[in-house]
1. Looking at segment B:102-118, which of the residues that are at the interface with chain A (Cβ under 7 Å from one of its Cβ atoms) and within 7 Å of ligand 2 (Cβ to nearest atom) is farthest from A:I91 (Cα to Cα)?
2. Answer yes if at least one residue in segment A:134-148 is more than 10 Å from chain B (Cβ to nearest Cβ) and within 16 Å of DNA strand D (Cβ to nearest atom), and no otherwise.
3. Looking at B:K62, B:K22, can you tell me which residue is open to solvent by 60 Å² or more (accessible area, probe 1.4 Å) and either out of contact with any strand residue (DSSP E or B) (no Cβ under 6 Å at 6 or more places or on another chain) or not hydroxyl-bearing (S, T, Y) (or both)?
4. Can you pull out the residues in segment A:19-60 that are within 10 Å of chain B (Cβ to nearest Cβ) and within 12 Å of DNA strand D (Cβ to nearest atom)?
5. Out of all the residues in segment A:72-99, which are within 16 Å of DNA strand D (Cβ to nearest atom), open to solvent by less than 10 Å² (accessible area, probe 1.4 Å) and of a type outside the set (G, A, S)?
6. Looking for something within 13 Å of DNA strand D (Cβ to nearest atom), part of a helix (DSSP H, G or I), in contact (Cβ under 8 Å) with a residue 12 or more places away in the chain and among the aliphatic types (A, V, I, L, M) - is there at least one such residue anywhere in segment B:3-16?
7. Is it the case, given these coordinates, that B:V88 is more than 16 Å from ligand 1 (Cβ to nearest atom) and touching a residue at least 12 places away in the same chain (Cβ under 8 Å)?
8. Free of Cβ contacts under 8 Å to residues at least 24 places away in the same chain and either among the small types (G, A, S) or away from DNA strand D (no atom under 16 Å from the Cβ) (or both), is that true of B:C104?
Protein chains: 2
Amino acid sequence: MSKFAPEKDGAMFSKACEHGIKAIVYIATQSLEGRRVKIGDVVENSGSPEAFTGKILGALTKHNIVNSLTGPYGGFEIAPKRMKEIKVSDIVFAIDGDSVYKGCGLGLSECSNTEPCPVHSKFVKIRNELKKMLETTSIYDLAVGLKSGKTILIR
Amino acid sequence: MSKFAPEKDGAMFSKACEHGIKAIVYIATQSLEGRRVKIGDVVENSGSPEAFTGKILGALTKHNIVNSLTGPYGGFEIAPKRMKEIKVSDIVFAIDGDSVYKGCGLGLSECSNTEPCPVHSKFVKIRNELKKMLETTSIYDLAVGLKSGKTILIR
DNA sequence: TTATTTTAGGACATTTTTATCTTAAATAAG
DNA sequence: CTTATTTAAGATAAAAATGTCCTAAAATAA
Ligand code: FES
Ligand code: FES
């Protein structure tokens, strides 16, 4: 029927963001065991496309979320000491920017308390809870769940 | 810097959904005063593109969310009696489908409690609150706010 | 009936996002 | 220094979402 609802849209994050989070979480599990990983290893375990993931990891490297080394024995790693400091919000911000936290639910040029759109009051509550959730969830938290087998990255 | 974060993405709903909600809310305010409105009037007051909005209203008409009549004195209207029954979730479902409620936060093929992705437990809480919010907010609620001047559709 | 108005809907165009390909740069080992 | 390996990054391609255009169909009134 309707050309809309192509069973694809409506995702909370962009694909780039999804690939980025999965890659970082996998790299973190390996760094916890002292293993530096190559991009091929990353995408094999995250199910994301290799070249695209490379681009995303490049951005995350610039944002100092992950560390990279070129050449033989190179790859990606995250210092275990930093894992509890790095939050999911840092990844989302580096890739999708702050629109997740600041954007208007109906797409108005800006979200305002004094001149709100019809969904503002209820929308802001959800958005703030999402923000708090992302800011209080660390890479370490997610990596531990994956390493223990409680969670998965591919289905 | 990063080619990502083009200051655009990260929106909770698709543009089609945003246009649809704004159009419906405006039509509702007019129907409350017994006025049937033409598409030109709708987009003048919602700030959305006309042809695209026409497509979206076509889908919403099929889903029985709004009523349309062709010909002179035609246009769109919503029976005031139904406004409290029609929820924002109905509009979102008609346009974006159920991925908002069912989709995995990291894009896995399906969201599962028994085999969850790393963000599942925290993500599901937010998603359920969003769902509840959309299911408990009626078109009538939004229309009243707009009619009284407490909220706006264009900025 | 005929002319006019307005939505319906298919075809087409544009923009954005996602993804790939190719070459350059960096690093380490021999 | 040379070679092999790996990330960096620009150019390009494909796919999806957004948006426009044009004709058909429906309804109304004269
Ligand atoms: S103004 Fe629309 S969500 Fe705040
Ligand atoms: S499995 Fe990913 S959100 Fe439920």
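The values are calculated or read from the model by the stated rules, or taken from the named source; none is laboratory data. The structure presented is a predicted model; accordingly, all values stated were derived computationally and were not measured. Cβ: placed from backbone, ideal geometry, glycine included. Neighbour counts: every protein chain shown. Note: areas computed on protein heavy atoms with side chains; ligands, DNA, RNA excluded. Shrake-Rupley method; radii C 1.70, N 1.55, O 1.52, S 1.80 Å.
1. For segment B:102-118, the residue satisfying everything is B:P116.
2. no
3. B:K62
4. A:K55, A:I56, A:G58, A:A59, A:L60
5. A:I78, A:I91, A:I95, A:D96
6. For segment B:3-16, residues within 13 Å of DNA strand D (Cβ to nearest atom), part of a helix (DSSP H, G or I), in contact (Cβ under 8 Å) with a residue 12 or more places away in the chain and among the aliphatic types (A, V, I, L, M): present.
7. Working: more than 16 Å from ligand 1 (Cβ to nearest atom): no; touching a residue at least 12 places away in the same chain (Cβ under 8 Å): yes.
So B:V88 fails the test.
8. Numbers: free of Cβ contacts under 8 Å to residues at least 24 places away in the same chain: yes; either among the small types (G, A, S) or away from DNA strand D (no atom under 16 Å from the Cβ) (or both): no.
Answer is no for this residue.
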